Structures are given as structure tokens and as C-alpha cells.
Amino acid sequence: MAERKVLNKYFPPDFDPDLIPRRKGPKNSQQVVRLMAPFSMRCNTCGEYIYKGKKFNARKETVDNEDYYGIKIFRFYIKCTLCSAEITFKTDPKNTDYTAEHGASRNFEPWREEKEVEEIDRLAKLEEEENNPMKVLENRTTDSKREMEILDALQDIRARNARNERVGNTSSVDLVARIDVQELEDEETLQRKRMDEEDERLVREVFTKVSMPASSSSSATSEGDETTSAPTVVTVKRKAEDVEPSLLSLLSDSTRSLITVKTSAMHTAKKLKVDGKKSLGIVVKKGKAKA
């Protein structure tokens, strides 16, 4: 069964859309649109009320030589439901609303009410200031404070713009020079740090630690006996170019005397042991013992 509504059209093989002539219409042609009344209005011809939301078949066009910060303004043409008089209104981007232009008047305009409220508040304020001098002083203080805040904000904006302009006008050569100077400073800092580390290492090598045996004051020497004690750690501090001093010169007088006495006693005991063996006539022969 064939479809009742055919959507596909037949195009012959030799169809060329470039050969179709284009129609040239007027520059600002009107379009027929379906819309609802954006506000309640009253016809100026017959006094008929047209309420908001009433549907119309309207004509739409773009207003020539009139816009709001680049936003186009459109005009709509409708007819009164009673006398068929022509009524026009257009868009109002400034107040995000519509404005009655010809043939009818609005029953209620929000911005007009705001202006009236502002005017009422201004009159009430003036009347209150006339009756209360302290209120005048408070209002002046508030106004001056607000003006100072506005001037401070304006000054900050000007300073920021001037700073941005200076940065924008800076040439690339100056930026490259600043980058080179920063890199040189970083290299000098690294080299100085490396030299400081080398100096620290040399100082640690120079201040070495030397260990030597120390004798106790209560040691007693006897024939064939030897006394031992824990070694004493002495720190030697010298410079790299000086000659290394002797160990005995670094010790105190009491320690030096004790070491001298102990050394002489050890040599005396060893000599007496050898002399005693020779006086007794004991001869030690090397060889295997007989069973």
C-alpha cells in the first residue's frame, strides 16, 4: 500500500540546482508569524481591551537604524479584535520587555512603576531630612563614604590598566635580557654553593682524629706481667700548610710523665728477664724430646 503523504521527491539525472534562478525580494520584507500579545493593552480607536496572551497572526519586520548594543529590534503589526484597527509594538532589549508604539496603550508598565516608586522615595527622603537634621548628617556621611569607595575602586582599575599597559609595551629584547641575567645569577649561586661544600670537605679532612694508648695511674709493674688500658682519643687540629706536630707535644705534662715511666719500666723488666736466664746457665736446645 502506497503512503498517503509522499515526502521524497524525484530528481532527474540531468538536474542542476545552479540553473534555478534566485528570487530577489525586498531588503526588509515582512514575515507572517503567530504570536500572543506580550502585555495587556487598550485600543485607542474603540477602547477595546486586549489581554495578555491573546493570539494573533502578526506581521514582523526589523526596525531600520535602531538597535541596542548590536541587538536588533523587531516591530510587530496586529489588528484590534473589535474594530480591526492596526496596532504596532516593538521589542525593548533594554528592559527585556515590549513597548507599545501605535494604535494602543499599555495598561501597566513595570518600569513606570519603578520610576514612580523611586520618585516617592526621593520625596519622602527630602521631607524626612527637612524635619530631622541628624538624618541629613547621616545621609551626607553615607553618600561621602559611597563616593570614596567608588573613587578607590576607580583608582585601582586605573592602576591595573596602567600596569598591564606597561607590561604589554615591554619589548621582547628586555624580556630576553632579564631572563639572561636571572640565569647568570642562578649559575653564580650554584657555583658559590659548590665552593662552600668543597671548603667544608677540606675542613673535615684537616680536623682528623688520632688514637693512642693511655696508662692508668694505679698500674703496677712486676716481672713477667704486662698491663693494658683503653685507648684515649685525641683530636688534632691543624692547618693544611703546617707541619704535623708530635703526639707527645700535644699531651699534658702528667700524661707525658706517666708514659715515660711506663716505657722505662717495660724496658727494665725485659732486660732483667734476659739477664736472669743467662746467669742460671739454662740453655734451650732446639729438637724433639726423647720418649
Assigned charges on the beta-carbon of Lys, Arg, Asp, Glu; the stretch 1-94 dipole about Cα centre (debye): 380 debye
Can you give the FRET efficiency for I71 and Y51, using 1/(1 + (r/R0)^6), R0 = 41 Å, r = Cβ-Cβ distance, to the nearest 0.05? 0.90
Summed residue charge, Cβ within 14 Å of K145's Cβ, Lys/Arg positive, Asp/Glu negative: -3
Amide H neighbours of D97 at under 5 Å, excluding residues fewer than 5 places away on the same chain, with H built from the backbone geometry, are D92
Placing each pseudo-label 7 Å from Cα in the direction of the beta carbon, T96 and R194 end up separated by a distance in nanometres of 6.6 nm
10 Å-binned pair-distance histogram of the stretch 37-170 (Cα, whole percent): 10, 22, 19, 17, 19, 12, 2, 0
FRET efficiency (V117, L19; Cβ distance; R0 51 Å; to 0.05) is 0.20
Restricting to Cα pairs below 8 Å that are 6+ residues apart, what does the relative contact order work out to for the stretch 29-111? Please round to a whole percent. 27 percent
For the stretch 1-73, would you read off the P(r) tail past 20 Å as a percentage of all alpha carbon pairs? 67 percent
What pairs from K27/K72; K125/K145; K52/K79; K27/K79; K27/K54; K27/K90 go past 22 Å between their alpha carbons? K27/K79; K27/K54
Just in the stretch 1-47: which chymotrypsin sites (Phe, Trp or Tyr not before Pro) are loop by DSSP and have at most 10 other Cβ atoms within 10 Å? Y10, F15
Expressed in nanometres to one decimal, the distance between label points 7 Å along Cα→Cβ at R42 and R146 is 3.6 nm
How far is it, in nm, from the label point at A85 to the one at N164 when both lie 7 Å from their Cα along the line to the Cβ? 5.3 nm
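Where a number appears in this text, it was derived from the coordinates with a stated rule and is not lab data. Small disclaimer: the values here were computed from a predicted structure and weren't measured. So basically every Cβ, Gly included, is an ideal-geometry build from the backbone, and we count neighbours across all protein chains shown.
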